Amino acid sequence: MTLRVAILGLGKIARDQHVPSIAAVDGVELTAVASRNAALDGVPCFPTLDELLAHADLFDAVALCTPPQGRQEQAIAALTAGKHVLLEKPPGATVSEVRPLETLAREKGVALFATWHSRFAPAVEPARAFLADTTIRSVRIEWKEDVRKWHPGQEWIWEPGGLGVFDPGINALSIMTAILPRPVFLTRSDLSFPENRAAPIAASLAFSDSAGLPVSAEFDWRETSGEIWNIMVETDAGSLTVADGGKRLLVDGAMRLDQPDREYAGIYRRFAQLASAGEIDVDLSPLQHVADAFLLGRRHVVEAFVEA
Ligand code: NAP
């Protein structure tokens, strides 16, 4: 049976990924949109979530493509209306606001899917399988990009709950938590806040695990030479690199896998499965690490960030 999806929030990720991926995946269909100021040709559009929910016969599920601040309230409204809910990453503006959504979804017998799109990148599962059979010596994460290129005009991202550089950095953490065989915990956090902003523009983190594994992560939004989205793992079986956000996998510098991005097609196939079974898929571990980074974070004040 086709899963009829309504999108809330027609911003960058909705237009770049959700709309084309829904069109490309069998068994899902875009049948409504709610947007404060945009519309899609050929799809019924409503200005608010309330008006969307007043036309509940049009759709079975709601994909929340809005900023994290305020998403919990939207999820509660959609779940209360008996709709399956897909949450863009991060699943919440806080860790603790997400659990009540699980309880509500369970009560209603509908699906709740906290997506981590980077976990659907092609190199992630092969990297997990490789690392399951090795002794890991160290992990180094570098996740750097130009905020002006990737987040133009996104004021919410600099506000409390918007996560700042952790908005992309949490993608690296979602891969890290998927591929490492044992859980890690944060041991150090240095956060660089522009003097005029409420969220960090850069973060330097250290983690460890029960065996003392050294893990470092450098996130930076001031990288203008191009994107660096890599995770390097030293093991007794060689150096594994999950490169380009998970599109490529290298071992000792030799390419093992190089595939185009189909993350959101994977997300919608999974959402359709969860909806047909009325199941919940919520892993908060990447968001927990970000919360820990703010808890343990030493604050450094850096140059003001001015967009233009
Ligand atoms: P965006 O371009 O700012 O779009 C968010 C949309 O949400 C807005 O266009 C707006 O749509 C709606 N909205 C509702 N309340 C809003 C508010 N108070 N402030 C701003 N917008 C509001 O952001 P985005 O990049 O699509 O990111 C949305 C979510 O997807 C974030 O959690 C982000 O982490 C995640 N994500 C983004 C990317 C990416 O590459 N951009 C990748 C993966 C995941 P209407 O005008 O239609 O109401």
Which of the lysines could be linked to residue 149 by a straight reach, that is with a Cα gap under 17 Å, when you skip same-chain ones fewer than 8 residues away?
-> 12
For segment 1-63 versus segment 190-264, the gap between their alpha-carbon centres in whole angstrom | 33 Å
Hey, any idea what % of the chain's accessible area is carbon plus sulfur with a 1.4 Å probe?
-> 49 percent
Stretched out fully, how many nm does the piece from residue 80 to residue 24 gain, at 0.36 nm a residue minus the Cα gap?
-> 17.3 nm
Stretchable slack from residue 288 to residue 308, in nm (0.36 nm times residue separation minus alpha-carbon distance) | 3.9 nm
For segment 3-114, report the convex hull volume of the alpha-carbon atoms normalised per residue, in Å³, without decimals.
-> 91 Å³
Straight-line reach from residue 144: which aspartates and glutamates have a Cα under 14 Å away, not including same-chain ones fewer than 8 places off?
-> 167, 218, 220, 223, 227, 244
With every protein chain kept in place and a 1.4 Å probe, the residues 18, 151 fall, from largest accessible area down, as 151, 18
Calculated from DSSP H runs of 4 or more alone, at -39500 (n - 2.57) each and per residue, what is the 222 nm mean residue ellipticity of the chain, nearest 500?
-> -8000 deg cm²/dmol
How big is the chain by Rg and Dmax over its Cα atoms, in Å?
-> 19.5, 58
For segment 223-308, what is the convex hull volume of the alpha-carbon atoms per residue, in Å³?
-> 230 Å³
So, with points 7 Å from each Cα along the Cβ direction, the residue 195-residue 129 label distance in nm works out to 5.3 nm
May I ask you to derive the FRET efficiency for residue 54 and residue 299 from their Cβ-Cβ distance with R0 = 41 Å, giving the value to the nearest 0.05?
-> 0.35
Taking the Cα centre of the chain as origin, sum charge times position over the Cβ atoms of Lys and Arg (+1) and Asp and Glu (-1), and report the length of that vector in debye to the nearest 20.
-> 260 debye
Projected onto the charge dipole of the chain (unit charges on the beta-carbon of Lys, Arg, Asp and Glu, signs +1, +1, -1, -1), the Cα from 178, 62, 37 with the largest positive-side position is that of 178
With every protein chain present, what is the per residue accessible area of segment 150-305 (1.4 Å probe, Å²)?
-> 43 Å²
Theoretical FRET efficiency, 1/(1+(r/R0)^6), r = Cβ-Cβ of residue 239 and residue 2, R0 45 Å, to 0.05 | 0.50
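The values are calculated or read from the model by the stated rules, or taken from the named source; none is laboratory data. Model, not experiment: these values are computed from the prediction. Using ideal geometry, Cβ is built from the backbone for each residue, glycine included, and neighbour counts are taken over all protein chains shown. Each accessible area value is taken on the protein alone, full model and side chains, heavy atoms only, with ligands, DNA and RNA left out. Shrake-Rupley method; radii C 1.70, N 1.55, O 1.52, S 1.80 Å.
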